[in-house]
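Structure, as structure tokens:
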Amino acid sequence: MRKGLFALAAVGLMATGSMAACGDKSDDTAATGTGSTAKAGKVGVILPDTKSSARWETADTKYLTEAFKAAGVEAEIKNAQGDKNSFQTIADGMIQSGVKVLVIVNLDSGTGKNVLQNAKKAGIATIDYDRLTLGGGADYYVSFDNTEVGRLQGQGLIDCLTAAKATKPIVSFLNGSPTDNNATLFKQGADEILKPKFDSGDYTKGPDEAVPDWDNAKGGTIFEQQLTKEPKIAGVLAANDGLGNAAIEVLKKQKLNGKVPVTGQDATVQGLQNILAGDQCMTVYKAIKKEADAAAELAIALAKGEKPTTATGKVTDTETKAEVNSVLLKPESITKANVKTVVEDGFVTKAELCTAAFAKACTDAGIS
């Protein structure tokens with residue numbers, strides 16, 4: 001990671017590692033690292049889907065697998081593919097198999113809460129990964145500062161509208177899933193930055209809608225309806241790259257792509273290519289390896305019966321008002337000016353990003 005890129009409170013993970021199953025619901029693979037596991041219990045990890053963001057398959061599964069394998073700790077990593085029943089079934093299976101630690105990315109707080117409480121009844125240590133399960137009572141929480149993600153998106157949109165010399169622009173919102181606490185935090189952060197612009201009359205607040213389940217197709221439909229209702233939309237606060245791309249595809253039909261700034265999040269290959277093409281204003285880069293390493297470090301300590309020392313932060317569960325021991329990492333705003341950062345970090349490769357259609361843009365952006 002580039003020096004000074006992230007202020008990180010708890011991520012020195014060299015130890016970590018077994019293997020994972022990701023993809024369709026029928027995938028039921030588990031593996032054991034090459035080191036001794038005699039002193040460590042098994043770790044179960046449930047990821048949410050592969051539809052809302054490519055990261056769950058391309059980044060989280062990869063980094064978690066490598067981490068547990070390096071530590072010689074047995075781990076089972078599965079993906080619920082957006083199915084709440086499958087999520088519950090996977091969790092029940094892991095609990096019955098005797099995992100010592102359960103790490104989950106909930107599909108919603110209701111489902112997650114039930115899983116966490118069942119795990120606690122079985123004496124299993126629990127970690128909320130990336131998303132806090134409201135009312136769930138997880139022992140630990142590992143994520144990014146998600147309110148800051150929203151602030152970066154709001155400021156990024158302001159910067160792009162300023163560069164475009166927009167006058168009293170109408171701004172629309174494509175927010176994340178209403179059942180995802182992270183989406184609530186992203187929205188809070190963005191509103192914190194943009195509200196003064198709306199209050200002063202410098203900007204006009206346009207349509208403001210959540211996209212169920214982070215579904216990109218639904219996001220496209222919602223934005224098309226927004227644009228039909230308000231054709232003069234001049235900026236789009238899209239909560240992630242998938243929703244941003246959905247908006248861009250609609251804008252292309254009206255030949256407005258590149259003229260209407262659109263935000264994003266996750267620094268996906270698609271999002272970065274949209275930035276290089278000039279169709280997306282910015283994205284938010286979250287160093288998933290650091291997040292995965294931090295979660296694995298906690299899980300490994302718990303699996304070995306040790307008391308973790310890295311979760312030095314606190315997050316308040318807004319439902320129970322309880323404080324959760326946490327590791328919160330710092331996100332970074334990415335524009336065309338610093339898109340090469342994501343490649344230099346190894347989060348995406350030049351080969352993935354700089355295909356023929358984007359070769360010149362990559363060169364212009366300093367990606368070598």
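The values are calculated or read from the model by the stated rules, or taken from the named source; none is laboratory data. Computed from a predicted model, the values in this text were never measured in an experiment. Neighbour counts run over all protein chains shown; Cβ positions are idealised from the backbone, glycine included. Ligands, DNA and RNA are excluded from the accessible area calculation, which covers all protein heavy atoms including side chains. Shrake-Rupley method; radii C 1.70, N 1.55, O 1.52, S 1.80 Å.
General remarks:
- Taking Cα atoms only, the orientation of helix 216-229 departs from the longest principal axis of the chain by about 30 degrees.
- Candidate cross-link partners of K84 among the lysines, defined by an alpha-carbon separation under 17 Å and a same-chain spacing of 8 or more, comprise K25, K51, K113.
- Alpha-carbon centroid distance for the pair the range 188-209 / the range 150-169, whole angstrom: 11 Å
- Over 21 Å (Cα to Cα) - which of K253/K360; K289/K330; K100/K121 fall in this group: K253/K360
- Expressed as a whole percent, the accessible surface of the range 120-226 that belongs to carbon and sulfur atoms is 52, based on a 1.4 Å probe.
- Between K259 and D92, the C-beta separation translates, for a Förster distance of 41 Å, into a calculated FRET efficiency of about 0.20.
- Residues of the range 177-192 with amide N under 11 Å of a point placed 7 Å along Cα→Cβ from K205: 191-192
- Rounded percent of accessible protein surface that carbon and sulfur make up, the range 244-326, 1.4 Å probe: 47 percent
- Estimated dipole of the chain in Debye, rounded to 20 [Cβ of Lys and Arg +1, of Asp and Glu -1, Cα centre]: 580 debye
- Look at the dipole of the range 95-153 built from charges on Cβ: of Y141, S97, L152, the Cα furthest out on the positive end belongs to S97.
- Accessible area of the range 201-294 divided out per residue, in Å², using a probe of 1.4 angstrom: 35 Å²
- For the chain, the relative contact order works out to 19 percent when only alpha carbon pairs closer than 8 Å and six or more residues apart are counted.
- Residues of the range 295-357: accessible area per residue with a 1.4 Å probe, Å²: 50 Å²
- Qualifying trypsin sites (Lys or Arg not before Pro) in the range 134-194, where qualification requires a DSSP coil assignment and no more than 12 other C-beta atoms within 10 Å, comprise K165.
- Candidate lysines - alpha carbon under 16 Å from K168, same-chain residues fewer than 8 apart omitted: K195, K197, K205, K232, K259
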